[in-house]
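Enquirer: Got a structure here, written out as structure tokens. Questions coming.
The values are calculated or read from the model by the stated rules, or taken from the named source; none is laboratory data. Keep in mind that this is a model prediction, so the values were computed, not measured. Note that each Cβ is placed from the backbone with ideal geometry, even for glycine, and that neighbours are counted across all protein chains shown.
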Amino acid sequence: MVNGIFVLSKEDSVSLVGDQICVVSGSNKTYYDLEKVQGIAIKTVDEGPFFDDMALVIYIKNGSDTLIFVPSEHACYEKFLFDEISKVLPIDNKKIIEASSCTESATFTLYNRSRQKKEATEESQPESGLKIYLEDDEVKVSGSIDLGYIGTFTDEEIEIDDSLEEIREWDIVTENLDEDCSDDEVISFLNKYFNDFAAKICRNIENINGTFLLHVFTDMDASEINFMLIDELFIEENLRYGNEEDIAEIYNPVREGLNSLSPYIGTPNDGTIPKGHIESVLRSFYPMFDFDCFIENILPECVGLHDGEISFQCSDDFDEAILCGAYAELHEDLSFDDWHNF
């Protein structure tokens, strides 16, 4: 028998409290251990104005089967999904984006405990990472670093320009190591520091991706780049107006909405500021732009490891029509700085 719990009224809520999910429904308050969560999904419907378009469904096996339903219009929906549960469980953010644009009845699985266990068991390859070493007194880097949509950079695409003596003057080195430390200690520290940095990027990749796309579309809007001339990027059937010769008809109607996202551009991406909705909002603004095709054709160029920051540069495979040597620096809080394109 399945027990259904519905979070509907203003007094109802769902929240993460430590390692438990707290659900308030009517006069009942119940706590469920995270380890009992078997699955999380978004269900979409197409049943007219008396139904919410989407609902979060949490499947818990706690002696009996329990399903918790949270409509997307409820005040705690976004907070719980983006700010809480996605920080402790490996939520499939791509499925959230797919669900947000779905107009039919469907189920989008965000998390499946059985699948996660199976994938963890089958995983045989070691995690990718950076290896910093000395060769002929020169600091070299090998390995890889994943910057999400920006690209995965490997081996010769990753650089440290400074010499070992210059690196010894870096703030992150002087603040963490003694002045008379050995070269091996410096190299060991750099390996830990930048691999921890890369791991933090991985944990917050949704924020990195969203901020990157926000920079891209801010540039596109400012220059009114006519992506309709690029067949691979233009989804003609999703055009909202009849005159496809005037690109301004795409940018003008949503410019105010785009500008409302601008405060996120320079803020941290380390999870201290929720940003989980940026990509889905941009996709709703520009349904005639093929995001997936664009992302697949981003060309990573180089990454630089610096004192307390990682820089990147990338272009696109559409004759650099959207990205041409796009550059930015990621600071320790993962905020973007010094962005420039073209």
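Enquirer: Check 20, 38 and return the single one that is at pLDDT below 95, under 18 Å from residue 83 (Cβ atoms) and touching a strand residue (DSSP E or B) at 6+ places or on another chain (Cβ under 6 Å).
Expert: So the residue among 20, 38 that is at pLDDT below 95, under 18 Å from residue 83 (Cβ atoms) and touching a strand residue (DSSP E or B) at 6+ places or on another chain (Cβ under 6 Å) is 20.
Enquirer: For residues that are part of a helix (DSSP H, G or I) and within 14 Å of residue 216 (Cα to Cα), tally how many sit in region 256-280.
Expert: The qualifying residues number 6.
Enquirer: Yes or no: residue 194 aromatic (Phe, Trp, Tyr), at pLDDT 95 or above and buried (at least 19 other Cβ atoms within 10 Å of the Cβ)?
Expert: yes
Enquirer: Let me ask another. Which is within 18 Å of the chain's Cα centre (by Cα) and under 30 Å from residue 176 (Cβ atoms), of 308, 266?
Expert: 266
Enquirer: Also, I was wondering about something else. Let me confirm something: among 260, 315, which residue is under 23 Å from residue 204 (Cα atoms) and at pLDDT below 95?
Expert: Of the residues listed, the single one that is under 23 Å from residue 204 (Cα atoms) and at pLDDT below 95 is 260.
Enquirer: Inside region 155-231, counting only helices (runs of 4 or more DSSP H) that do not spill past its ends, which hold 3 or more residues that are touching a residue at least 24 places away in the same chain (Cβ under 8 Å) and touching a strand residue (DSSP E or B) at 6+ places or on another chain (Cβ under 8 Å)?
Expert: 183-203, 205-223
Enquirer: Scan region 278-290 and tell me whether some residue there is free of Cβ contacts under 8 Å to residues at least 24 places away in the same chain and either at negative phi or in contact with a Ser or Thr (Cβ under 6 Å, 6 or more places away or on another chain) (or both).
Expert: no
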